[in-house]
Amino acid sequence: MRLFTSKKIYRAFPELDPYDDQVCELYIRRARRLRSSWKGLLSILISIPISILIWSGVTWAMASLLETYKEQWESPSVNVLAVTVIFFLTGFVWVPVMIAFIVRDMCLNRCIRTQLSKVVCDECEYALIGLDVFELGGSRVVQCPECGAHTQLNAGHITEADIDPTLIVKN
């Protein structure tokens, strides 16, 4: 698992290991553009109010427990309202932020995984990323090392930039 402050989510995918950081960042940017990144942004925006509601529920449950067991403590001077407010305010900021980071990472992971799953052999589903592209019969193809099938590029769902991420040009 990567840290929330780390930008190198692509290192979680072994298919991208042969490439340097700049190429991987371009690949991720392209994958986000191709895979409707607005869905990820919408998920993050929805997760924030939901996490605030959940934190409010946790705070209410904690306050109820404090009030219920207040008489059993040696010190009846415990101010349940003050403890509840402090508890709520400490989590009010960090819980939604942490949830938003987790949702962002999940969406980005799904986006990259979907992009990588499209770059497979039609016959045996072997990952074709990083293989050599060559000319065959007037079209650009890549040969699967697993089953030997030829996959034509730039005609269907796979482009040369999908096979060789170094071909992605910075916009």
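Each reported figure results from applying straightforward, stated rules to the coordinates on display, with no laboratory input. These numbers come from a predicted model, not from an experiment. Reconstructed Cβ throughout: ideal geometry from the backbone, glycine too, with neighbour counts over all protein chains shown.
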message: Suppose each label sits 7 Å from its Cα in the direction of the beta carbon; what would the Leu167-Leu81 distance come out to in nanometres?
response: 6.9
message: If I take the Cα coordinates of the stretch 103-171 and project them onto the principal axes, what are the three extents in Å, biggest first?
response: 45, 31, 18
message: Could you tell me how far the Cα centroid of the stretch 128-171 sits from the Cα centroid of the stretch 102-117, in Å?
response: 23
task: For helix 80-118, report the angle its Cα long axis makes with the longest principal axis of the Cα atoms of the chain; keep it between 0 and 90° and round to the nearest 10°.
output: 10
- prompt: Quick one: Karplus J couplings for the stretch 137-143, per residue in order, coefficients 6.51, -1.76, 1.60, θ = phi - 60°, nearest Hz, x for Gly and Pro?
  reply: x, x, 10, 7, 9, 10, 9
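Sort Tyr27, Tyr10 by Cβ crowding within 10 Å, fewest neighbours at the top.
Ascending Cβ contact count within 10 Å gives the list Tyr10, Tyr27.
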- prompt: So for His157, His150, fewest C-beta neighbours within 10 Å to most, what's the order?
  reply: His157, His150
task: Note the angle between two axes, namely the Cα long axis of helix 21-34 and the longest principal axis of the Cα atoms of the chain, as a number of degrees from 0 to 90, rounded to the nearest 10.
output: 80
message: Given a Förster distance of 22 Å, report the FRET efficiency between Ile52 and Met106 from their Cβ-Cβ distance, rounded to the nearest 0.05.
response: 0.70
message: Report the gain in length on full extension from Glu160 to Thr114: 0.36 nm times residue separation, minus Cα-Cα distance, nm rounded to one decimal.
response: 14.9 nm
query: Whole-Hz Karplus ³J(HN,Hα) for the stretch 162-169, in order, using 6.51 cos²θ - 1.76 cosθ + 1.60 and θ = phi - 60°, x for Gly and Pro?
result: 5, 6, 10, x, 5, 7, 6, 9
Whole-angstrom Cα spans of the chain along principal axes, big to small: 86, 33, 24
message: Can you compute the modelled spin-label distance between Phe88 and Leu42, with each label point 7 Å from Cα toward Cβ, in nm?
response: 3.2
